[in-house]
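Input: a single structure, listed below in structure tokens.
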Protein chains: 2
Amino acid sequence: MTCAPGNAIAQSMTEDPTFSPALLPAGFVDLLTPDARTEAEGVATLMGVFASHGYNRVRPPLMEFEETLLAGAGAALAEQSFRVMDPDTRRMMVLRPDITPQIARMAATRLADLPRPLRLSYAGTCVLVMPAKAEESGRQIMQTGIELIGPDSPQADAEVVCVAAEALAQLGVPGVSFDLTMPPFVPALLEEAGIAPTTRPALLRALDRKDAAAVAELGGPLAQTLIALLRAAGPAAQAVAALNSLTLPPKARAILQRLIDAVAAIAEQAPDLRLTIDPVEFRGWKYHTGVCVTVFAVGRAEELGRGGRYLCNDNEPACGLTFRPDVLFRMIPAAKALPRVYVAHGADRATAAALRAKGYATLAALPATAGQQGDAQAEARHLGCSHILSGTTCTELA
Amino acid sequence: MTCAPGNAIAQSMTEDPTFSPALLPAGFVDLLTPDARTEAEGVATLMGVFASHGYNRVRPPLMEFEETLLAGAGAALAEQSFRVMDPDTRRMMVLRPDITPQIARMAATRLADLPRPLRLSYAGTCVLVMPAKAEESGRQIMQTGIELIGPDSPQADAEVVCVAAEALAQLGVPGVSFDLTMPPFVPALLEEAGIAPTTRPALLRALDRKDAAAVAELGGPLAQTLIALLRAAGPAAQAVAALNSLTLPPKARAILQRLIDAVAAIAEQAPDLRLTIDPVEFRGWKYHTGVCVTVFAVGRAEELGRGGRYLCNDNEPACGLTFRPDVLFRMIPAAKALPRVYVAHGADRATAAALRAKGYATLAALPATAGQQGDAQAEARHLGCSHILSGTTCTELA
């Protein structure tokens, strides 16, 4: 017996040209079949890989007091957060825009006495007042990720990247690339090289635009170095060679060396991973203090995830990476619908149960009004069933 | 090789006597390992049973405009809902306190053209301004459930109960009981019997308290009938016999007959299911218009789930049932931790990958500072590992 999935329902559920966007606020959507299943099953796959590397699942709440959620690592998130008053305490509560600061809070409080390295994983929903970037349409976003708390080493940075890469491979996401940055590097370099504070904002903007002409004009004694840094961005092996050949003041060199060491540690664990480096990138990071990473699919602009090093609320070192399942799961095949069997009135219940155990969905005949029995075959087709069960016999529909 | 789970971490993560409740608002909690995994895996089990009966998963958003979420079936939920202003449209948005009204909205709009019966399932988080009852401590609650939209028949009522019972059996919840009620019955009976509107509130309160003396005093011509109804509550077979022997006015009799027919349809599909009936129960139902059901575990006061018949936004008949996974999963064994293997520095990566594929969690050695190597055995024990991988050899710790 072969059963083809009932695609009629799945298709009409994902495309509805009559849907009026006025029904839901911008950035909030109804996810239908099969997308809702693709997301749930994809999250389970990611969490399974995280668990297999010793990351224990936690589930912090959707809302917290403003004082706890926006403290420490979370302070940068204040403007993205919806707030409501708790009628009980009259204190303000925040609907979380990000889960990482909650993990940082837990690590510093309830989980402070657990042995380190502390490996935690999570999957949950976040809400943003506005999407972070114009091209990201969602205000309700899923986050699925890991946090590695305790060690501050290139090996720890590398573990997070390599576990994330394994999770994407397990999910079947094609052509993944990890872009590494070191956000503290450029500000530290400008400071150490004595670039005047009044010049820095314009110079940072020029670097952000990758505008070599403006950098040459504003960079003073650093101009050649900064242009060389701009040009060094690209595939990791070449970038590291270019960065090693640069002369840098000692503090900036030490910060950059950590990025180079992390690249080496990743290459040792996962030699085939596609890595790029952008040494001058420093924008868009909220609470990060070390090596940062953005995950892309080759040829696509959307981020699949991002992460990096930060400090927990009590200044304990940590690094992590968060996937955006809603973006990720548009890139993988939709979850397969179960083949559907229509269970005619009076059909054998044990046979129906056996079909379910074999992976079929069985849909019981349900007359609109009691006693009425329609054409079972027509009804089966109407409901997207490929088979019909009558008595103990399951037949494929012609 | 036998690997015992690393219970040390799991235990210390669920019990922390130093936790200050001031850190989180009342009713919002951090779920730790293993509870967060038990919940996630339990939800997957429930959703799997729902899918096997043809219920397609949907995922409505966490927030909607007040006008859509609190319309129709949702109107009864207004006082339980947090609201925030959408800065984009300046309209009020509601953080959902319940998912069923969202499904009712979807059925009446985007999914209006799909064939009926329309079977939908969902799993998601809801937030209440205050918990519905004193004994339920959560304001953030999980809901996992099904909605069966279209048919208005005892067979449809029965399907929802029987699918829910199968899901609980699959999950391994012991001693489940389904308590059936018909909330419209008593109000209709008082109306039809001509009980004065001024007497009704006191009489309803007396019925609600199961106070036979007060019912006798206030019930007028209905007193004997109402007392008989109070006494009829209990196991379904006896209750139905008692109800069948009562003389009732025709409209009230028709409403009650639907409850009796639903009981018969359930008994036909699942003869061993423990069913009770409470014919006078009418409180605590928000938007229900027909047979309602509450799921209990024998000997426990907490509800595991509830559901019943209602009307979608366009008055289409529907019935559904929602589980409370946070209550449910306290009753089943905790998700088993993966056995943990400590991967010593320089151990073979392929062997570690093979162990993961076999169901082990492998924890990489991560010195606090680069280059430092501690005592691998001590570190392994510290992290709750039962085994250590050195080179290609996995050894059980003594």
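Compared with the rule-of-thumb size 2.2 N^0.38 Å for a compact globular protein, segment B:40-154 has a Cα radius of gyration ratio of 1.13. Over the C-alpha trace of chain A, radius of gyration and Dmax come out as 26.3, 90 angstrom. For the protein assembly as shown, the residue among B:72, A:75, A:347 whose Cα projects farthest onto the positive side of the dipole built from Cβ charges is A:347. Across segment A:338-396, the fraction of Cα-Cα pairs farther apart than 19 Å, rounded to a whole number, is 20%. Compare each residue of segment B:321-342 in its chain alone against the assembly with all protein chains, and report those whose accessible area goes down by 20 Å² or more; 1.4 Å probe, heavy atoms. By number: B:338, B:340. Under Stokes-Einstein, with the Kirkwood radius over Cα pairs standing in for Rh, what whole-number D in µm²/s applies to segment B:184-282 at 10 °C and 1.306 mPa s? Once the numbers are plugged in, D ends up at 115 µm²/s. A probe of 1.4 angstrom, applied to the heavy atoms of all protein chains, finds residue B:152 with accessible area near 70 square angstrom. Comment: the Cα-to-Cβ extended label point of residue A:257, at 7 Å, lies 9.0 nm from its counterparts in the other copies, nearest first. Here the ratio of the Cα radius of gyration of segment B:54-115 to 2.2 N^0.38 Å is 1.17.
Given a 1.4 angstrom probe, what's the average accessible area per residue across segment B:184-282, in square angstrom?
Per residue, segment B:184-282 has an accessible area of 48 Å².
Between B:297, B:364, B:318, the GNM of chain B built on Cα springs shorter than 10 angstrom shows B:364 fluctuating the most.
Whole-Hz Karplus values for segment A:103-110 come out as 5, 4, 5, 4, 4, 8, 10, 4 Hz, taken residue by residue from phi with 6.51 cos²θ - 1.76 cosθ + 1.60 and θ = phi - 60°; glycine and proline positions read x.
Note on the protein assembly as shown: lysine pairs with Cα distance below 29 Å, sequence gap of 8 or more or different chains, count 16. When the P(r) of segment A:111-197 is calculated, the portion above 21 Å amounts to 59% of the C-alpha pairs. For chain B, a Gaussian network of Cα nodes joined below 10 Å ranks B:33, B:89, B:45 by mean-square fluctuation, and the top entry is B:89.
Based on the Kirkwood approach, the hydrodynamic radius assigned to the protein assembly as shown is 29.1 Å, with every pair of different Cα atoms included. For the chain pair A and B, buried accessible area totals roughly 7800 Å², probe 1.4 Å, rounded to the nearest 100.
Relative contact order for chain B: 20 percent, from Cα pairs under 8 Å spaced at least 6 residues apart, divided by residue count. Scaling against 2.2 N^0.38 Å puts the C-alpha radius of gyration of segment A:275-398 at 1.91. Between B:124, B:346, B:172, which gets the highest mean-square fluctuation from a Gaussian network model of chain B, Cα cutoff 10 Å? Highest fluctuation of the listed residues: B:346. What a 1.4 Å probe finds exposed on the protein assembly as shown is 55% carbon and sulfur by accessible area, rounded to a whole percent.
Pairs of alpha-carbon atoms within less than 8 angstrom and 6+ residues apart define the contacts here; what relative contact order does segment A:338-396 have, in percent?
Relative contact order of segment A:338-396: 48 percent.
Largest to smallest in accessible area, the residues B:82, B:296 fall in the order B:296, B:82 (1.4 Å probe, all protein chains included).
The values are calculated or read from the model by the stated rules, or taken from the named source; none is laboratory data. As the structure is a computational prediction, the values presented were derived from the model and not from experiment. Counting neighbours? That spans all protein chains shown, and the Cβs are built from the backbone with ideal geometry, glycine included. Quick note on the areas: whole protein, heavy atoms, side chains included, nothing else; ligands and nucleic acids left out. Shrake-Rupley method; radii C 1.70, N 1.55, O 1.52, S 1.80 Å.
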